[in-house]
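Working notes for the structure below.
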Amino acid sequence: MITGHLHNIDEIKKYLNPSLQAGLEYIQRTDFCAMEKGKYIVDGDNYATIDSYQTKNKSEKKPESHVKYIDIQYIVEGMELIGHSFLSGDNEVVEDLLIERDLLFYKDGLLESDLVMIPGMFAIFFPWDVHRPGCAAGKPDMVKKVVIKVKV
């Protein structure tokens with residue numbers, strides 16, 4: 001996992017491959033406040049989804065991971081807690097949606113740590129990063145969020 005803020009994207013981009021750089025550049029140049037919920041093409045196989053929702057108690061959300069795509073999760077409005085842990089042979093899969101949605105859900109996040117996301121922050125989750133997005137940071141909050149899917 002890599003985290004950062006809109007203000008330091010240029011510094012972080014130097015260390016990333018061109019596909020991840022393109023995802024961060026999309027964040028830099030796009031006014032997400034003016035965009036509706038939906039799916040948008042970034043370039044090639046890479047795309048962004050924009051969504052708005054109310055965060056929930058952590059116990060109501062399942063940890064997840066992906067195989068074919070890297071997530072760049074960017075907070076436009078609101079505050080969200082994302083649980084983070086690492087994939088190991090001990091993660092118990094409770095729902096396998098790899099074919100339909102490139103998504104595995106797990107029973108729990110092993111040795112999970114919490115990342116509080118505020119507007120302007122992003123987190124990059126690789127296939128070995130188990131993450132539990134959409135959690136309330138204290139109390140539930142309305143969040144507008146962009147998830148950029150970068151093909152592995």
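The values are calculated or read from the model by the stated rules, or taken from the named source; none is laboratory data. These numbers were taken from a predicted model, which means no experiment stands behind them. As a convention, Cβ positions derive from the backbone with ideal geometry for all residues, glycine included, and neighbour counts pool all protein chains shown.
Odds and ends about this structure:
- If only residues of the range 107-152 that are among the aromatic types (Phe, Trp, Tyr) and surrounded by 21 or more Cβ atoms within 10 Å (Cβ to Cβ) are counted, the one that is farthest from Asp51 (Cα to Cα) is Phe125.
- The range 93-151, residues that are part of a loop (DSSP other than H, G, I, E, B), more than 14 Å from Glu80 (Cα to Cα) and of a type in the set (D, E, K, R): Asp102, Lys107, Asp108, Glu112
Rundown of residues vs (1) at pLDDT below 95; (2) in contact with an Asp or Glu (Cβ under 8 Å, 6 or more places away or on another chain); (3) farther than 22 Å from Phe32 by Cα; (4) among the aliphatic types (A, V, I, L, M), yes/no style:
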{"site": "Leu87", "(1), (2), (3), (4)": "yes, yes, yes, yes"}
{"site": "Glu100", "(1), (2), (3), (4)": "no, no, yes, no"}
{"site": "Tyr106", "(1), (2), (3), (4)": "no, yes, yes, no"}
{"site": "Leu110", "(1), (2), (3), (4)": "yes, yes, yes, yes"}
{"site": "Ser113", "(1), (2), (3), (4)": "no, no, yes, no"}
{"site": "Val116", "(1), (2), (3), (4)": "no, yes, no, yes"}
{"site": "Gly120", "(1), (2), (3), (4)": "no, no, no, no"}
{"site": "Ile124", "(1), (2), (3), (4)": "no, yes, no, yes"}
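- Test result for Tyr47, more than 21 Å from Val130 (Cα to Cα), at pLDDT 95 or above, in a strand (DSSP E or B) and not polar (S, T, N, Q): no
- Test: residue in the range 96-115 that is among the small types (Gly, Ala, Ser) and within 24 Å of Ile27 (Cβ to Cβ): yes
- Any hit, the range 60-70, residues being surrounded by 15 or more Cβ atoms within 10 Å (Cβ to Cβ), touching a Gly at 6+ places or on another chain (Cβ under 9 Å) and part of a strand (DSSP E or B): yes
- Just one of the listed residues (Lys68, Lys56, Lys107, Lys151) is farther than 24 Å from Leu6 by Cα and in contact with a Lys or Arg (Cβ under 7 Å, 6 or more places away or on another chain), namely Lys68.
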